[in-house]
Amino acid sequence: MPIYEYQCAECGIVHEVLVQSASVRSPDCPGCGSKNTRKLFSTFSPQVKESAPPPQSGCMSCPNNNCPHAGGA
Ligand SMILES: [Zn+2]
């Protein structure tokens with residue numbers, strides 16, 4: 001479930017809200033109770049960093065240093 005951050009326009013505090021529904025109104029400020037809150041950009045941003053596999057030398061079935069198929073021999 002995404003977590004949204006809301007900032008109160010009155011007192012300026014930021015609070016996180018766990019959004020369970022797609023359509024949800026801006027929650028009231030937990031500090032001053034104002035309804036004048038606005039949604040900030042979510043910090044929920046999964047960054048998938050996949051390291052590239054090492055360059056394959058030789059063929060897939062032989063150990064790299066002992067591949068008779070490598071080198072075009
Ligand atoms: Zn407030």
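Residues of segment 17-39 being modelled with pLDDT under 90 and either acidic (D, E) or away from the ligand (no atom under 14 Å from the Cβ) (or both), which ones? Please lay out each step first, then the result.
In the first step, residues of segment 17-39 are kept if they are modelled with pLDDT under 90; the result is 17-27, 39.
If the condition is that a residue be modelled with pLDDT under 90 and either acidic (D, E) or away from the ligand (no atom under 14 Å from the Cβ) (or both), then L18, V19, Q20, S21, A22, S23, V24, R25, K39 are the ones that fit.
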Residues in segment 45-56: is at least one loosely packed, with under 12 Cβ neighbours inside 10 Å, at pLDDT 70 or above, among the hydroxyl-bearing types (S, T, Y) and more than 29 Å from the chain's Cα centre (by Cα)? no
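The values are calculated or read from the model by the stated rules, or taken from the named source; none is laboratory data. Everything numeric here is computed off the predicted structure, so don't read it as measured data. Positions of Cβ are generated from backbone atoms using ideal geometry, with glycine treated the same way; all protein chains shown enter the neighbour counts.
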